Amino acid sequence: MDNNSIINRNNNDTNKHINYRQPMYLTRSSSILYQILNKTLNYSIKKKDEKQFINVRLQLLDQQYCLEMDR
């Protein structure tokens, strides 16, 4: 089992218990997100591992935000 699937499973479990929805930027096509980031950062995100890293970090940030809002 890879890290991404573990995080997705944990994120889904968290959202089920707290009843939060994932934000639009995590539910839409990731290619749109990467295009926006490319323009904003003025850096081309081409490597698969870079894209995966960004996606995982955004999911973790979303989880953290949801947990803080639940307090």
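The values are calculated or read from the model by the stated rules, or taken from the named source; none is laboratory data. From a predicted model like this one, the values you see are computed outputs, not experimental measurements. Every residue, glycine among them, receives a Cβ derived from its backbone with ideal geometry; neighbour counts consider all protein chains shown.
Taking each residue of the stretch 32-43 that is on the phi > 0 side of the Ramachandran plot and looking for partners that are outside any helix (DSSP H, G or I) and of a type in the set (A, V, I, L, M) with beta-carbon atoms closer than 6 Å, six or more apart or interchain, yields nothing.
Selection of helices (runs of 4 or more DSSP H) fully inside the stretch 1-51 by the criterion of at least 3 residues being of a type in the set (S, T, N, Q) and either under 21 Å from Tyr65 (Cβ atoms) or modelled with pLDDT of 80 or more (or both) returns 3-18, 30-41.
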